[in-house]
Ligand SMILES: Cc1ncc(COP(=O)(O)O)c(C=O)c1O
């Protein structure tokens with residue numbers, strides 16, 4: 001499983017001729033039970049891959065939406081262990097949807113990389129994105145993930161030039177995450193025309209699928225990115241739905257999954273010019 | 001215990017990977033990696049360029065007011081009845097603390113790199129004021145991130161920064177103090193990668209900052225060495241400094257690292273007391289982890305979430321410490337003591353009454369352990385204390401402690 005699950009999912013989507021829709025949700029936001037309901041509903045709502053954020057007190061690359069999501073989750077006692085519990089509970093009912101954990105280094109250091117990689121694999125995790133662990137610092141984690149057959153997914157960004165790209169791609173597997181804007185999550189907007197040549201560049205250098213994220217909020221934009229990339233990641237717009245539903249006392253799960261469905265539909269039909277949005 | 005090997009040359013760090021033993025490194029998002037590599041290269045080139053050093057020296061002499069005096073604190077010496085006490089008078093620098101040494105070095109580097117916009121974080125506001133000052137002097141726009149809580153408790157410094165033309169942005173995320181200001185400055189940098197220079201105020205963060213800030217602050221220790229040799233014909237037995245992120249301490253320690261006879265003593269903020277959990281002592285009350293780009297001792301919970309620091313001194317109210325201190329602690333070359341809020345306020349009063357000097361509350365933490373160190377070293381010995389800043393900014397805090405209105 002693990003790496004194989006990511007590869008299988010991209011192979012299936014390639015056969016369908018469409019991009020993947022990747023939904024980012026924060027573990028424990030707004031609470032553990034609701035987060036599990038959301039997770040369980042994601043595949044049916046159209047998420048092809050799940051990025052599961054584990055909260056950190058000091059998320060230096062996040063804009064206000066995901067910062068607040070992390071604070072909501074931490075306020076309800078969510079931890080990295082609790083995040084793995086959620087993944088395990090999800091995996092009981094779904095053997096096919098890849099789950100990528102996304103977060104920051106310190107909770108992993110606290111756990112210990114080797115033990116964590118084993119426990120994450122056992123919980124049904126397929127890969128990891130660690131925002132503040134660049135190639136220069138990630139060999140110890142990469143070794144641990146290799147031993148557990150988990151993918152390390154690295155970020156390439158607008159500041160990653162051709163000279164640096166091979167450094168980023170070394171030991172990356174599953175897919176590459178292209179950060180569409182220089183900035184934090186959920187603030188600037190991604191532009192498909194600007195992003196397209198970078199996706200080409202990364203795809204050519206890596207021979208891996210390229211996901212694009214940071215700054216995709218609407219079905220229109222998701223569809224535009226889906227025409228040029230192998231996967232479209234939406235995070236801030238989804239956690240904003242959690243916040244909005246909590247504020248308005250609405251059904252959080254229903255509201256988040258509605259948003260997921262509209263984005264997923266846009267991605268699904270983007271290349272057929274059928275995006276009814 | 002598995003203690004790391006003692007190096008032959010303590011001053012030869014960081015290594016090529018920006019490491020002091022296990023500590024330091026570059027734990028930053030990919031977007032920033034090319035920028036920190038550029039900074040590293042630019043700093044190495046500047047460091048090797050005599051013209052850059054000469055320019056910096058000129059400004060340190062004529063603008064900052066260096067060298068700062070080394071002053072024999074005669075009455076405190078008598079009061080404690082131990083070693084001879086000297087103060088390294090960093091509080092006499094322009095803007096009132098050691099922070100300007102680093103700001104002057106980094107602003108010259110920023111201009112050399114062609115950067116046109118400066119950002120900084122600040123806790124007490126001392127680094128913010130020093131940054132705003134050099135930005136005014138060289139005509140660069142300046143944005144200072146400051147926790148909303150600190151904006152409230154350091155109002156005079158906020159106004160000072162405004163007078164100097166800087167924009168102060170209050171930070172409400174997280175705990176709204178120094179660590180959050182640093183997060184927000186990093187977010188600004190990730191967003192404005194082309195024109196912006198991040199002027200970090202202490203010897204922490206990702207490589208090359210711990211090395212660069214240390215180098216710019218090492219002028220304190222170099223002068224101290226020359227001055228004590230001139231005054232006493234020998235090196236001191238101990239050097240004492242307060243430790244927030246650790247820049248004034250590493251600045252005075254560094255030129256003495258290979259002098260085995262010189263004890264190096266840092267003092268961390270114990271806040272309301274180490275046993276209350278409400279303190280800011282990363283080494284004495286934390287464990288190693290990763291925050292703000294480096295591996296170092298941190299205050300954190302069992303799951304690896306960073307916990308809030310507590311200190312009456314906004315300048316020490318940080319849950320981490322520079323990586324070189326973490327390493328000096330582990331290899332046993334420096335030792336790290338603590339002082340509570342109350343002990344520091346008492347030391348503040350004592351210094352004011354006996355020496356006619358109002359110390360910054362930060363520096364007062366070092367003063368709070370000075371008697372112990374002086375008695376420990378004994379009457380034939382010499383102790384140098386780094387008086388990192390002046391206390392004018394703190395009179396309201398001290399008045400509140402004394403139950404008085406100002
Ligand atoms: C006067 C003074 N001393 C010390 C500090 C602590 O910083 P560092 O440990 O970097 O010297 C500060 C920080 O604001 C300060 O203003």
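The values are calculated or read from the model by the stated rules, or taken from the named source; none is laboratory data. Computed from a predicted model, the values in this text were never measured in an experiment. Positions of Cβ are generated from backbone atoms using ideal geometry, with glycine treated the same way; all protein chains shown enter the neighbour counts.
Would you mind stating whether residue B:306 is in contact (Cβ under 8 Å) with a residue 60 or more places away in the chain and more than 14 Å from chain A (Cβ to nearest Cβ)?
no
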Exercise for the section: Quickly run through the range B:351-372 and pick out the residues that are away from the ligand (no atom under 12 Å from the Cβ) and in contact with a strand residue (DSSP E or B) (Cβ under 6 Å, 6 or more places away or on another chain). Expected result: B:351, B:368, B:369, B:370
Handout entry: helices (runs of 4 or more DSSP H) wholly inside the range B:177-292 containing at least 1 residues that are surrounded by fewer than 24 Cβ atoms within 10 Å (Cβ to Cβ) and either without any contact (Cβ under 8 Å) to a residue 12 or more places away in the chain or within 16 Å of the ligand (Cβ to nearest atom) (or both)
Key = B:178-191, B:209-217, B:219-232, B:282-285
Practice task
Go through the range B:331-367 and count every residue that is farther than 21 Å from residue B:400 by Cβ and without any contact (Cβ under 8 Å) to a residue 60 or more places away in the chain.
Solution key: 1
Practice task
Give the residue, chosen from A:141, A:152, that is within 12 Å of chain B (Cβ to nearest Cβ), under 19 Å from the mean Cα position of the chain (by Cα) and either in contact (Cβ under 8 Å) with a residue 12 or more places away in the chain or within 17 Å of residue A:209 (Cβ to Cβ) (or both).
Solution key: A:141
Fill in the blank from the handout: Of the residues in the range A:157-172 that are within 11 Å of chain B (Cβ to nearest Cβ) and not in a loop (DSSP other than H, G, I, E, B), the one that is surrounded by the fewest Cβ atoms within 10 Å (Cβ to Cβ) is A:167
Handout entry: Criterion (away from every other protein chain (no Cβ under 14 Å), surrounded by fewer than 24 Cβ atoms within 10 Å (Cβ to Cβ), in contact with a strand residue (DSSP E or B) (Cβ under 7 Å, 6 or more places away or on another chain) and in a helix (DSSP H, G or I)) met by exactly one of B:325, B:329
Key = B:329
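Can you find a residue in the range A:24-35 that is within 14 Å of residue A:239 (Cβ to Cβ) and in a helix (DSSP H, G or I)?
yes
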Exercise for the section: Can you tell me which residue within the range A:63-103, out of those that are out of contact with any helix residue (DSSP H, G or I) (no Cβ under 6 Å at 6 or more places or on another chain) and facing chain B (nearest Cβ under 8 Å), is surrounded by the fewest Cβ atoms within 10 Å (Cβ to Cβ)? Expected result: A:81
Practice task
Pull up the range A:117-131, narrow it to residues that are assigned to a helix (DSSP H, G or I) and within 25 Å of residue A:211 (Cα to Cα), then point me to the one that is farthest from the other protein chains (Cβ to nearest Cβ).
Solution key: A:121
Fill in the blank from the handout: Given (1) over 18 Å from the mean Cα position of the chain (by Cα); (2) surrounded by fewer than 22 Cβ atoms within 10 Å (Cβ to Cβ); (3) more than 8 Å from chain B (Cβ to nearest Cβ), residue A:111 misses just (3)
Fill in the blank from the handout: How many residues of the range A:173-185 are within 12 Å of another protein chain (Cβ to nearest Cβ) and either crowded, with 21+ Cβ neighbours inside 10 Å or part of a strand (DSSP E or B) (or both)? The answer is 9
Completion exercise
Filtering the range B:162-175 for residues that are away from chain A (no Cβ under 12 Å) and in contact (Cβ under 8 Å) with a residue 24 or more places away in the chain leaves a count of 7
Fill in the blank from the handout: Those residues of the range B:373-398 which are outside any loop (DSSP other than H, G, I, E, B), more than 9 Å from the ligand (Cβ to nearest atom) and modelled with pLDDT of 95 or more amount to B:373, B:374, B:375, B:376, B:377, B:382, B:383, B:384, B:385
Practice task
Take the residues in the range B:112-143 that are within 12 Å of the ligand (Cβ to nearest atom), assigned to a helix (DSSP H, G or I) and in contact (Cβ under 8 Å) with a residue 40 or more places away in the chain, then tell me which one is nearest to residue B:35 (Cα to Cα).
Solution key: B:131
Exercise for the section: Considering only the range A:215-269, give the helices (runs of 4 or more DSSP H) lying wholly within it that have at least 3 residues that are within 22 Å of residue A:8 (Cα to Cα). Expected result: A:252-269
Practice task
Scan the range B:343-360 and give yes if some residue there is more than 21 Å from residue B:76 (Cα to Cα) and part of a helix (DSSP H, G or I), otherwise no.
Solution key: no
